[in-house]
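Trainee: The structure's right below; bear with me while I get my questions together.
Since every read-out is calculated from the coordinates, none of them should be taken as a lab result. The structure presented is a predicted model; accordingly, all values stated were derived computationally and were not measured. Positions of Cβ are backbone-derived with ideal geometry, glycine not excepted, and every protein chain shown enters the neighbour counts.
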Amino acid sequence: MTDSLFGELPNQDLAGFTPVAQLSDLQRGRMRRVDVDGEPILLAVLDKMDSLAGVEVVAFTSLCPHALGDLSYGSLDNGTGEVDCPDHGYRFDARSGACVFPKTGPRLRTYPVHVLSNGTIMVKVERPAWMSARS
Ligand code: FES
């Protein structure tokens, strides 16, 4: 599940997080691609009415889990937080990674996000065990 927080964390809580962008680099409801250790990741600022900031930053892989379509060419709905894959129309919840359409589709990889008070966006990219074993 994607977690988006604002403010400082003790250094040990930022272990594994990588700075990837500044909040000012992002536009609400638009996706921006960054690469972390060769992994294509999309960042997005979504509305979040129940938070003080009114927004949250989410991070998810650019690679569609259906057949590796590039989600950066898809569309993002800022209200629902859903992203459509341009290849076959699968739709994912960018916050949770759940496949919204079809309901039985594969899960989208999402990453924990932390936004420092200076606007630096930190993302924690955790590779699946099978990937770590190969590198
Ligand atoms: S590759 Fe994304 S829906 Fe098929």
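Trainee: Comparing GLU56, GLU39, GLU82, which has the greatest mean-square fluctuation in the GNM of the chain with Cα pairs linked when under 10 Å apart?
Mentor: GLU39
Trainee: Mind telling me which of LEU63, LEU14, LEU71 comes out most flexible in a GNM of the chain, alpha-carbon contacts under 10 Å?
Mentor: Of LEU63, LEU14, LEU71, the Gaussian network model singles out LEU14 as fluctuating most.
Trainee: Choose one answer from ARG109, ARG95, ARG32: the residue with the largest mean-square fluctuation in a GNM of the chain with alpha-carbon springs under 10 Å.
Mentor: Fluctuation is largest for ARG32.
Trainee: For the pair PHE101 and ARG32, what calculated FRET efficiency results from E = 1/(1 + (r/R0)^6), where r is the Cβ-Cβ distance and R0 = 30 Å, to the nearest 0.05? Walk me through the numbers on the way to the answer.
Mentor: Values: r = 24 Å, r/R0 = 0.80.
Given R0 = 30 Å and the Cβ-Cβ separation, E is 0.80.
Trainee: So if each residue of separation counts as 0.36 nm, and I subtract the Cα-Cα distance between SER117 and SER75, what length gain in nm does that give?
Mentor: Numbers: separation 42, 0.36 × 42 = 15.12 nm, distance 2.89 nm.
Gain in length upon complete extension: 12.2 nm.
Trainee: Follow-up. In nm, give the distance between the simple-model label positions of LYS124 and HIS88, each being 7 Å from the Cα along the Cα-to-Cβ direction.
Mentor: With each label point 7 Å from Cα toward Cβ, the separation is 3.2 nm.
Trainee: With a cut-off of 8 Å between alpha carbons and a minimum separation of six or more residues, what is the relative contact order of the chain in percent? The partial results should precede the final answer.
Mentor: On the way: 291 pairs, mean separation 38.4, N = 135.
Once divided by the residue count of the chain, the mean separation gives 28 percent.
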